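**Q** Take a look at this one; I'll ask things after.
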Amino acid sequence: MAATQTEKNGTYQIRPDLKDKFRPSQVKEVIDSILEEKLTSFVYEKEAVDEMAMVISNALRNRIIEMNFPRYKYVVNVVIGELRGAGVKVAARCLWDADTDNYSSSMFVGETFFCTATVFAAYYY
């Protein structure tokens, strides 16, 4: 197998430069703005929840891609549930490189529902 030009020159990079690293605080601002934009006038109906979760996750993915964190791959998780007095816990486990990979998360609470949105970013070596 032939080596690529970057491998020949010894410039293959396995860590992002500081300026290219995923920035959770900036991504949280994006998540907050999208949740606010999409959910402020949303009324919880179980028939509409699946579509709204897809709309939010697609909007988040597209906005995060526009932020141009090179070589990062994303997983976007959106959970919308009805507020009926019961508790809920949302958890995730990931196996990743603590130096390069990260996540950002936020929550929106409406009158009759809650929504959590999490963006996981994994650096692609």
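Derivation of every value follows stated rules applied to the coordinates shown; laboratory data play no part. Model, not experiment: these values are computed from the prediction. So basically every Cβ, Gly included, is an ideal-geometry build from the backbone, and we count neighbours across all protein chains shown.
**Q** Can you pull out the chymotrypsin sites (Phe, Trp or Tyr not before Pro) in the stretch 29-109 whose DSSP state is coil and whose Cβ has at most 14 other Cβ atoms within 10 Å?
**A** Values: sites: 42, 44, 72, 74, 96, 103, 108; in loops: 42, 44, 96.
The qualifying sites are 96.
**Q** Counting other C-beta atoms within 10 Å, and keeping those with at most 10, which DSSP coil trypsin sites (Lys or Arg not before Pro) do you find in the stretch 37-125?
**A** Sites meeting the loop and neighbour criteria: 84, 89, 93.
**Q** Another question, then. Compute the acute angle (0 to 90°) between the alpha-carbon long axis of helix 46-66 and the principal axis of greatest extent of the alpha-carbon atoms of the chain; round to the nearest 10°.
**A** 30
**Q** Label points 7 Å out from Cα along the Cβ direction at residue 40 and residue 111: separation in nm?
**A** Inter-label distance under the simple model: 1.6 nm.
**Q** Which of the lysines could be linked to residue 19 by a straight reach, that is with a Cα gap under 19 Å, when you skip same-chain ones fewer than 8 residues away?
**A** Counting by Cα, and skipping residues close in sequence, residue 19 has these lysines nearby: 28, 73.
**Q** So how much slack lies between residue 125 and residue 63, counting 0.36 nm per residue of separation and subtracting their Cα-Cα distance, in nm?
**A** 20.1 nm
**Q** A follow-up question, please. Enter the angle in degrees (range 0 to 90, nearest 10) between the Cα long axis of helix 24-39 and the first principal axis of the Cα atoms of the chain, meaning the one along which they spread out most.
**A** Computed tilt is about 30 degrees.
**Q** A further question on this structure: For residue 72, what residues show an amide H to amide H distance below 5 Å, using hydrogens built from the backbone and excluding near sequence neighbours?
**A** Excluding prolines and chain starts, which carry no amide H, the hits are 124.
**Q** Rounding to the nearest 20 debye, state how big the charge dipole of the stretch 1-112 is about its Cα centre with +1 on each Lys and Arg Cβ and -1 on each Asp and Glu Cβ.
**A** On the way: 15 positive and 17 negative charges, 96 e Å.
That gives a dipole near 460 debye.
**Q** For the chain, what does the helix formula give at 222 nm: sum of -39500 (n - 2.57) over DSSP H segments with n ≥ 4, over the residue count, nearest 500 deg cm²/dmol?
**A** -10500 deg cm²/dmol
**Q** For a quick check of your reading of the filter: which GluC sites (Glu not before Pro) in the stretch 47-125 sit in a DSSP loop and have no more than 16 other Cβ atoms within 10 Å?
**A** Details: sites: 47, 51, 66, 82, 111; in loops: 111.
Here the sparse-neighbourhood loop sites are 111.
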